[in-house]
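The values are calculated or read from the model by the stated rules, or taken from the named source; none is laboratory data. All of these numbers come straight from a predicted model, not from anything done at the bench. Here the Cβ is made from the backbone with ideal geometry for all residues, glycine too, and neighbour counts use every protein chain on show. To get the accessible areas, we keep the full protein, side chains included, count just its heavy atoms, and leave off ligands, DNA and RNA. Shrake-Rupley method; radii C 1.70, N 1.55, O 1.52, S 1.80 Å.
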Amino acid sequence: NGNEVDGCEADLNTSDANCGACGNACAAGRVCRSGACVATTYTGYTVSSGPPSTFLNACTFGTQVLSGSDDTTVAVTLPFSFTYYAGMFNAGWASTNGVVGFGTASASFSNACLPSGIASAVHGFWDDLDTRSTGRVCAGTTGTSPNRRYVVTWSGVYFYSSDDGSRLNFSIVLNEGSNLIDLMYDSMTSPQAGRAQGGSATIGVQGPSGQSTQFSCNSGSVATGTRLRFTPM
């Protein structure tokens, strides 16, 4: 009735019966978030080459959340609800070892092939990484609702335990609404043959009960400019 104070109006950003527009009801199993009907549960993911795109470096627009440490985790807060497998999350964690997760935080440094990885976690480049000499982990948001992207970046990190000149730069990107997960790799260099390309790393996603989609494990599968996209099903 045009009178917002009497409780008769619907919030088009959150109303399941009026999502984005009056009368636009979300189907069963979907809810309204930021004016779009989104799924509340996924059974798995497919992985493919991501679309060519400019590297998103959260250290240029976000905040530093980890540095000067090894085998450490930090809690992060998302600016939007993100559906990952059977959960919807507004918070998670990141580790120095190339992982973002939504369950119990883990600073595990010894990688394993999926599904023996870290539960409820995105393994962007799970390896024994270090930020004590150089490097940092940053997090930030880019874009505007309902198409924001939450980015976690590992910038200038190297392999434990001594700084041999390795420099790894990569990001995990969580996409609002679509719940797509993008992995972006910028400059990935190391004097250790094949290691900066994933020779001792795990890359993939794992759910809370062993569900997983692995892109690679202990194989040289990424390079400077690689883009991967995990699409929920």
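Would you mind listing the strands (runs of 3 or more DSSP E) fully within the range 1-120 where at least 1 residues are surrounded by fewer than 18 Cβ atoms within 10 Å (Cβ to Cβ)?
30-33, 36-39, 45-49, 63-67, 73-84, 87-95
Could you list all residues from the range 138-153 that are among the polar types (S, T, N, Q), outside any loop (DSSP other than H, G, I, E, B) and over 15 Å from Leu180 (Cβ atoms)?
Thr141, Thr153 - these are the residues of the range 138-153 that are among the polar types (S, T, N, Q), outside any loop (DSSP other than H, G, I, E, B) and over 15 Å from Leu180 (Cβ atoms).
Which residues, counting only those in the range 164-203, are among the β-branched types (Val, Ile, Thr) and open to solvent by 10 Å² or more (accessible area, probe 1.4 Å)?
Thr189
Looking at the range 152-163 only, could you name the residues that are open to solvent by less than 20 Å² (accessible area, probe 1.4 Å) and touching a helix residue (DSSP H, G or I) at 6+ places or on another chain (Cβ under 7 Å)?
Matches in the range 152-163: Val152, Thr153, Phe159.
May I ask you to say which residue of Ala17, Ala36, Ala10, Ala25 is touching a residue at least 60 places away in the same chain (Cβ under 8 Å) and over 16 Å from the mean Cα position of the chain (by Cα)?
None of the others qualify; the one that does is Ala36.
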